[in-house]
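Laboratory data are not the source of any read-out in this text; all were calculated from the coordinates shown. Keep in mind that what you see is a predicted model, and the values were worked out from it rather than measured. Here Cβ is always computed from backbone atoms with ideal geometry, including for glycine, and neighbour counts include all displayed protein chains.
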Amino acid sequence: MNVQDLDSTARALVAEGKGILAADETVPTLTKRFDALKIVSTEDSRRDYREMFCTTPGAAAFISGMIMYDETIRQKSAGGTPLADVLTKQGILPGIKVDTGAKTLAGSPDEKITEGLDGLRERLKEYRALGARFAKWRAVIRIGETIPSPRCVSANAHALARYATLCQEQGLVPIVEPEVLMDGAHTLERCENVTGFVLHSVFHALFEQGVRLEGMLLKPNMVISGKDCPKQASVQEVATATLRCLRRHVPAAVPGIVFLSGGQPSVTATAHLDAINRLGGPKPWAISFSYGRALQDVALETWHGKKENLKAAQQAFHYRAKCNSAAAAGRYTDGMEREAVGR
Ligand code: 5MM
């Protein structure tokens, strides 16, 4: 492991005004998104869709890295260039999802454990050779009356830490993603407590496994009211609770925190990120985005699987990337959205 390279890659991923595009949906997930718009999901249509993001002119001003799925990192552009090389030429770092999915936790049917550690060292070697510079692993934690259980949290934290050490050994920056889902009727306070407990367990496990904090990024959920909670917290309340929780549980040595959007509407995810960055007080890490749906949704709808919509879809993606870049610097205004409508 070359620690200088790891640290500088981690810092480059959260360079000022830049964030990450998560385009690492598995085939079933992307197919579900395509089905909703009656787009036929084939290897080629999925390649065309991902190529659209890789080739968006000017995207590198706002996007530092793109997380790919195994299928995508092996694909070539219509012109025959590997998509990882297309990204690198644009100035965007190629990344790769390396977990193999969240499976039912034995003995606890409502909870999940993320799998993928078997054979991971060899897969990481291969992905590095295919051009990947960073990786991602997502743990999924559900809130319910009696969950998450301590053993679900500690099993997921342990797996995240084992993955992170292996990544660093192979020269890849690990993005550590413990996602507390927004599904459910829980309050903002409950989300803050659970998120704090999860982050505490994750950083304990990272310490135990010897993960170099300077050479990793954290990808957490924001602290938010459950989707079905009758009292939805305001943007300001979400920002305050999220930053308080992160300050309590994330060491200052971590260079960056890149949020997932978790199913929030695109504009809300941008507004929350902006509000967090506008808060005063200590923020020892860069605070940015690693959004999937919140960056892709408008572009996917605009594209609709049709070549003739490609340019407009790229513009839609470019615009959301620009808004989130502004939010990562605490300089987003809702006037930017009106400007987008008037384009
Ligand atoms: C892009 O979605 C990823 C999950 O895909 P699968 O369910 O098919 O594995 C997901 O890991 C994503 O990277 C993050 O959750 C962030 O995406 P959102 O949409 O929450 O911003």
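Give me the distance between the Cα centres of the range 309-343 and the range 291-308, rounded to whole Å. Centre-to-centre (Cα) distance: 13 Å.
The packing ranking of peptides 167-175, 245-253, highest mean first, is 167-175, 245-253, where packing means the average number of other beta carbon atoms within 10 angstrom of each residue.
Counting other Cβ atoms within 10 Å as a rough exposure proxy, the listed residues Trp303, Trp285 run Trp285, Trp303 from fewest neighbours to most. At an R0 of 41 angstrom, the distance between the Cβ atoms of Lys227 and Ala60 translates into a FRET efficiency of 0.75. The amide H of Val173, built 1.01 Å from its N in the peptide plane, has Phe134, Ala135 as neighbours under 5 Å, considering only residues 5 or more places off or on other chains. Taking the number of Cβ atoms within 10 Å of each Cβ as an exposure proxy, the fewest-first ranking of His272, His318, His304, His186 is His304, His318, His186, His272.
For Val140, the residues whose modelled amide H falls within less than 5 Å of its own, excluding neighbours fewer than 5 places apart on the same chain, are Thr114, Glu179. In a simple Cβ point-charge model (Lys, Arg +1; Asp, Glu -1; nothing else charged), the range 190-341 has a dipole of about 120 debye relative to its Cα centre. Each part gets one Cα centre, and for the range 243-262 versus the range 27-73 those centres are 27 Å apart. Highest-first packing order for the peptide set 15-22, 124-131 is 15-22, 124-131, based on the mean count of other beta carbon atoms within 10 Å.
Each residue in Ser41, Ser261 was given a count of other beta-carbon atoms within 10 angstrom of its own, and listing them fewest first yields Ser41, Ser261. For the chain, the mean residue ellipticity at 222 nm estimated from helices alone is -14500 deg cm²/dmol, where every DSSP H run of n ≥ 4 contributes -39500 (n - 2.57) and the total is divided by all residues, rounded to the nearest 500.
Each Lys and Arg contributes +1 and each Asp and Glu -1, all at the Cβ; summed about the Cα centre of the range 3-342, the dipole is approximately 400 debye.
For the chain, the share of alpha carbon pairs falling in successive 20 Å distance bins from zero is 32, 62, 6 percent.
Between Ala252 and Arg74, the C-beta separation translates, for a Förster distance of 41 Å, into a calculated FRET efficiency of about 0.60.
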